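One structure is given below, encoded as structure tokens.
Coordinate-derived values only; no laboratory data. Note that the coordinates shown come from a computational prediction; the quantities given were computed from them, not determined experimentally. Cβ placement follows ideal geometry from the backbone for every residue including glycine, while neighbour counts extend to all protein chains displayed.
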Ligand code: NAD
């Protein structure tokens, strides 16, 4: 690729796919079938607000239906357009295959600035958008299941679920029409944190392999590693919070819309988040240096860079200046195809988006299964597990007393060991296992094949292989 031309987001995803399919032997025509976006629905609808009709434009792209339902978030942002949702839908196809969630890929978007509207207005707009999609089965428990993305969260998902239920009053599985809902509307524990939590689990798994760390020139553990995060929204906030509070990493810079805060001693993520909540941005935050040009902070020295805001932020204009030896793509498409090439040549290791932010769809899968089974995870087993563990501890204590062994189990150990797993523990365990297993599948290809130089290609190869197998099983 020429160093001058920056491809669009969709072209970037296609270029990465093209690089990967060259390394795979697919039956004739299947390469093209997997590449193309099956369908994109564009809707323009009017909502009467503030005394006049406002027209909104929304999209739902279905990239691949090799498995159904198809799955993918709904984004609310002014930058939403057809190419973007199609690129994001393609990434969903590859992501779902990589983490073995039984879905095809989809994505939706509404061109709107959510900050311009009052809550009750946003509800009207969201419900109308949901109505338009649901009446064409583009929201449906067995056809197409949206989730939150940039600019949307559990509140919007609850409105969508309710709108679908109003339109399908006898559908007993109506709650499975969308994931990322609040708990009281059929959500699951641990969904809100899931994508950020998945980023943490992905890094923990990476740091279990000294040879992988060595490729990035890193060693040791996550403790003390200096991390820069871009975007303190759902994904960036949870990733930064868990990495700093639980893994001992130091968040040295946080980049937001209005600039960045830099502090080599570490930023208190909760404190900065509260400041943003009160002041609308990072500007004026007293416990660090404010940098008005936030994107400059992407180029600061650090061990790990976590772009968790939007696509295309690491591109031909700044790639050569990026100092991080390890980038984990918490956002979708933060590194353009051109930047990817520059960074690879520099020896930077990139943990790719289709793996790194798959925690969201993984826990969405658990939520969908919970909705279809109409029972929360752990409800049947929790007390039985506790009873079994209690019996073992009592037996050990009895033996110790009988034989005069003097064994004493600490109260903490007993508490921990006896507690049966509730929904949150099970969700985290399922997510951790998913992130580990997918990483292992990727790294196997990365290390075993001489023609695979990076984790992104390894991720694509694992995914494309699985998607091709499903198409073959369907007789295509
Ligand atoms: P969000 O809306 O909760 O947060 C985005 C954050 O980025 C906000 O704090 C916003 O102020 C900030 N931001 C926006 N433009 C910025 C800029 N130019 N510079 C710096 N900061 C900027 O969105 P989210 O759900 O956290 O999604 C972030 C990314 O993660 C997106 O690429 C999304 O597709 C991806 N993702 C999200 C999920 C999920 O479960 N929410 C799952 C997978 C992938």
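Summary table
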{"item": "Ratio Rg/Rh [Cα only; Rh per Kirkwood] for segment 391-454", "result": "1.35"}
{"item": "Global size of segment 47-134 as Cα Rg and Dmax, reported in angstrom", "result": "14.6, 48"}
{"item": "Segment 98-223: radius of gyration over Cα atoms, expressed as a fraction of 2.2 N^0.38 Å", "result": "1.35"}
{"item": "Whether segment 162-224 is rounded, prolate or oblate, judged on the alpha carbon gyration tensor where a/c under 1.5 counts as rounded", "result": "prolate"}
{"item": "Burial order of peptide ranges 182-188, 240-246, 117-123 (average beta-carbon count within 10 Å, highest first)", "result": "240-246, 182-188, 117-123"}
{"item": "Highest to lowest packing among 448-455, 165-172, scored as the average C-beta count within 10 Å", "result": "448-455, 165-172"}
{"item": "Volume in Å³ per residue [convex hull over Cα atoms, computed for segment 327-467]", "result": "182 Å³"}
{"item": "Kirkwood-type radius of segment 244-291, with distances r between different C-alpha atoms, in Å", "result": "10.7 Å"}
{"item": "Kirkwood Rh in Å, taken over all unlike Cα pairs in segment 285-340", "result": "11.8 Å"}
{"item": "Distance histogram for the chain (every C-alpha pair counted, 20 angstrom bins, percent rounded to whole numbers)", "result": "23, 55, 20, 2, 0"}
{"item": "Relative contact order computed over segment 339-476 (Cα-Cα under 8 Å; 6+ residues apart), in percent", "result": "33 percent"}
{"item": "Inter-centroid distance (Cα atoms) of segment 78-134 relative to segment 186-246, Å", "result": "25 Å"}
{"item": "Relative contact order (%) - criterion: Cα under 8 Å, at least six apart; region: the chain", "result": "16 percent"}
